[in-house]
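Heads up: the structure comes next, in C-alpha cells.
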Amino acid sequence: MPSLKDLRNRIASVKATRKITKAMQMVAAAKLRRAQTAADAARPYAERMSTVLGSLAAGIAGQPGAPELMVGTGRDDTHLLVVCTAERGLCGGFNSSIAKLARDHANALMREGKTVKLMCVGRKGHDVLKRLFGKQIVDVVDLRGVRQLGFGEGEMIAEKVLKLFEAGEFDVCTLFYSTFKSVVSQVPTQLRLIPAQFDANEGGAGVNFEYEPDENEILADLLPRNVAVQVFRALLENAAGEQGARMSAMDNATRNAGDMIDKLTLSYNRQRQAQITKELIEIISGAEAL
C-alpha cells in the first residue's frame, strides 16, 4: 500500500498533468477554428476543379493522344500510396486510422502481385508504416517547420509525385488522408490521383461545352494543377481533423485525470483517517495501561 507521501505526490502529479491537457485542449480549440475555416474554403475550389476536369474528360473519352495523367500508362503493376498524416501525436486514433487504411490497401495490392511504393507526408504516418514497409518508402515529406499551410506545400508534394510518374516509377497513385466532419468525426479517405478519377455525373450529363483552346491543351495545364489542389485540400482536411481529434482526446484526458484525482484523494483520506484512528487507539491503550 502506498504511503501518504506517495499518494500526495501522485495527486500533485496528476493535477499538473490535468493542467497541461486542459491547456492543450484550449489551444487545439483555437487552432481548430482557423483550420476548419481553411478546409471549408478549399472544398468548393477542389470540387469545381473536379467538375471542370470531368467535363473535359467526357469530351475526349476514347480519343487517341489523351494525357497520361488522365488515362494512365495502360498498366496497373506499380502503385504509389501518398499517405498524409500529422506531424505530432496526442490526437487519439487520428494518425493510426489513416495509416491502417493505407496499410490494408497496400496489403491487398501485394496479395494481387502488385508492386507498392509509399510516400509519407507527416512523421507519425512514417513512424507507423516504416515497421512493415520500410524498404518500400521512397520519400518522406517533413512539414514540422511549416507554421501555416499554404498552396506551396501541396504544390511541392505534387511536383514530387509528378516527377516520379514522368520517370515511370509507378502506374497508379492513391492519396490517403482524413476528411474532417466534426470534432468527434474524422473519416479516413482514399482518393486516386493518377490516373485522374472523376464522377460520371460531375461533367454535367447531357450538356456540351466548347473550350478554347482545345481540351488537350487545357488538360495539359489543369491535370498537374489538379494533383496539387487535391493534395493541398488533403493537407487542410488533415489539419482540421488533427486539431479536432486532439481537442477531443485532451478533453477525455482531462476528464480522466479528474476521475483519477478523486479516487486518489479518496484513498488518501481513508488511509489518513485509518492512521489517525490507529494513533488514537495507541494513545488510549497507553493511557489505560498507566
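Structure values in brief
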{"item": "Qualifying position, being among the aromatic types (Phe, Trp, Tyr), in a helix (DSSP H, G or I) and surrounded by 13 or more Cβ atoms within 10 Å (Cβ to Cβ), among PHE180, PHE133", "result": "PHE133"}
{"item": "So ALA106, is it surrounded by 17 or more Cβ atoms within 10 Å (Cβ to Cβ), farther than 30 Å from ALA28 by Cβ and small (Gly, Ala, Ser)", "result": "yes"}
{"item": "So ASN95, is it at pLDDT 90 or above and buried (at least 17 other Cβ atoms within 10 Å of the Cβ)", "result": "yes"}
{"item": "Filtered residue count, the stretch 247-281, keeping only those that are open to solvent by 20 Å² or more (accessible area, probe 1.4 Å) and either under 34 Å from the mean Cα position of the chain (by Cα) or of a type in the set (Asp, Glu) (or both)", "result": "13"}
{"item": "Hits in the stretch 143-172 (condition: part of a loop (DSSP other than H, G, I, E, B) and within 13 Å of GLU68 (Cα to Cα))", "result": "ALA167, GLY168, PHE170, ASP171"}
{"item": "Single condition VAL82 does not satisfy, out of (1) open to solvent by less than 40 Å² (accessible area, probe 1.4 Å); (2) of a type outside the set (S, T, N, Q); (3) on the phi > 0 side of the Ramachandran plot", "result": "(3)"}
{"item": "Filter result (open to solvent by 70 Å² or more (accessible area, probe 1.4 Å) and not in a helix (DSSP H, G or I)) within the stretch 1-31", "result": "MET1"}
{"item": "Subset tally (residues that are within 13 Å of GLU237 (Cα to Cα) and buried (at least 16 other Cβ atoms within 10 Å of the Cβ)) for the stretch 32-53", "result": "7"}
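The values are calculated or read from the model by the stated rules, or taken from the named source; none is laboratory data. On a predicted model such as this, the values are computed, not experimentally measured, just so you know. In this analysis, Cβ positions are derived from the backbone assuming ideal geometry, glycine residues included, and neighbour counts consider all displayed protein chains. For accessibility, only protein heavy atoms count, side chains too; no ligands or nucleic acids. Shrake-Rupley method; radii C 1.70, N 1.55, O 1.52, S 1.80 Å.
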